[in-house]
1. In this structure, does Asp114 turn out to be under 21 Å from Arg140 (Cα atoms) and touching a helix residue (DSSP H, G or I) at 6+ places or on another chain (Cβ under 8 Å)?
2. Which condition number in (1) free of Cβ contacts under 8 Å to residues at least 12 places away in the same chain; (2) surrounded by 19 or more Cβ atoms within 10 Å (Cβ to Cβ); (3) not acidic (Asp, Glu) is the one that Thr62 fails?
3. Would you point out which residue out of Lys92, Lys112 is surrounded by fewer than 16 Cβ atoms within 10 Å (Cβ to Cβ), at pLDDT 90 or above and closer than 23 Å to Lys67 by Cα?
4. Can you find a residue that is surrounded by 13 or more Cβ atoms within 10 Å (Cβ to Cβ), modelled with pLDDT of 90 or more and more than 20 Å from Glu23 (Cα to Cα) anywhere in the range 116-138?
5. Could you check the range 60-83 and list, in sequence order, the residues that are aliphatic (A, V, I, L, M) and either assigned to a loop (DSSP other than H, G, I, E, B) or at pLDDT 90 or above (or both)?
6. Looking at the structure I just gave you, is Leu84 aliphatic (A, V, I, L, M), touching a residue at least 60 places away in the same chain (Cβ under 8 Å) and exposed (fewer than 15 other Cβ atoms within 10 Å of the Cβ)?
7. Are any residues in the range 22-54 β-branched (Val, Ile, Thr) and either under 30 Å from Ser86 (Cβ atoms) or in a loop (DSSP other than H, G, I, E, B) (or both), and if so, which ones?
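The values are calculated or read from the model by the stated rules, or taken from the named source; none is laboratory data. Not measured: the values here are computed from a predicted model. Methodologically, a virtual Cβ is constructed for each residue, glycine included, from the backbone with ideal geometry; neighbour enumeration extends over all protein chains shown.
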Amino acid sequence: MYERILVPLDGSRVGEAALPAIEELAGKLAPQTHVEVTLLGVVTSLRHWVVVGEASAPVSYTEDEMKLIRGRVERYLLGAGAGLKSKGVTVKTIVQMGDAAEEILKAANEIKADIIAMSTHGRSGLRRLAFGSITDKVLRGANMPVLTVRAPEGTPNEWPVVRGGGS
């Protein structure tokens with residue numbers, strides 16, 4: 001049965017499309033089974049661009065900046081898991097740095113996930129070729145079931161982790 005569920009989130013509303021499905025599943029399982037959902041956030045960009053006039057250069061984030069980013073992602077994950085907690089589900093969070101697909105697969109193995117539940121952004125054609133598909137990489141590399149949920153049409157792709165500028 002699905003007792004340990006990994007849900008990778010990217011900070012977007014589209015990325016949260018799997019949460020309602022997991023809430024429903026956990027609600028059905030929770031009375032008989034202890035369900036533990038681990039929300040995973042992966043910071044994929046470890047540097048930013050500095051632009052001076054017409055020149056630009058990539059600059060790695062400082063240790064303090066990385067700590068700030070990790071804190072924002074952690075707060076986002078805790079907020080995203082509130083609905084699950086209200087249903088009596090144990091919610092854990094993990095924040096990793098690196099390649100999203102690799103970190104999802106690594107986390108799934110480390111927590112011994114019974115299933116990975118993630119949304120798909122629904123890219124196709126050239127956009128999919130250009131951006132690749134994290135979901136595809138996870139589907140091909142996972143050694144456990146992967147539930148994919150497509151966001152409803154018109155879901156705004158907002159980025160609450162980044163929005164607002166303040167802590």
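1. no
2. Answer for Thr62: the failing condition is (2).
3. Working: Lys112 fails: closer than 23 Å to Lys67 by Cα.
Residue meeting the stated conditions: Lys92.
4. Yes, some residue in the range 116-138 is surrounded by 13 or more Cβ atoms within 10 Å (Cβ to Cβ), modelled with pLDDT of 90 or more and more than 20 Å from Glu23 (Cα to Cα).
5. Let us first name the residues in the range 60-83 that are aliphatic (A, V, I, L, M), namely 66, 68-69, 73, 77-78, 80, 82.
Within the range 60-83, Leu68, Ile69, Val73, Leu77, Leu78, Ala80, Ala82 meet the criteria.
6. On the way: aliphatic (A, V, I, L, M): yes; touching a residue at least 60 places away in the same chain (Cβ under 8 Å): yes; exposed (fewer than 15 other Cβ atoms within 10 Å of the Cβ): no.
Taking the combined requirement at face value, the residue does not satisfy it.
7. Restricting attention to the range 22-54, the residues satisfying the condition of being β-branched (Val, Ile, Thr) are 22, 33, 35, 37-38, 42-44, 50-52.
The answer is Ile22, Thr33, Val35, Val37, Thr38, Val42, Val43, Thr44.
Each row is one residue, and each column tells you yes or no for (1) out of contact with any Gly (no Cβ under 8 Å at 6 or more places or on another chain); (2) over 23 Å from Lys106 (Cβ atoms); (3) without any contact (Cβ under 8 Å) to a residue 12 or more places away in the chain; (4) crowded, with 16+ Cβ neighbours inside 10 Å.
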site	(1), (2), (3), (4)
Tyr2	yes, no, no, yes
Leu6	yes, no, no, yes
Ser12	yes, no, no, yes
Val42	no, no, no, yes
Ala55	yes, yes, yes, no
Pro58	yes, yes, yes, no
Val73	no, no, no, yes
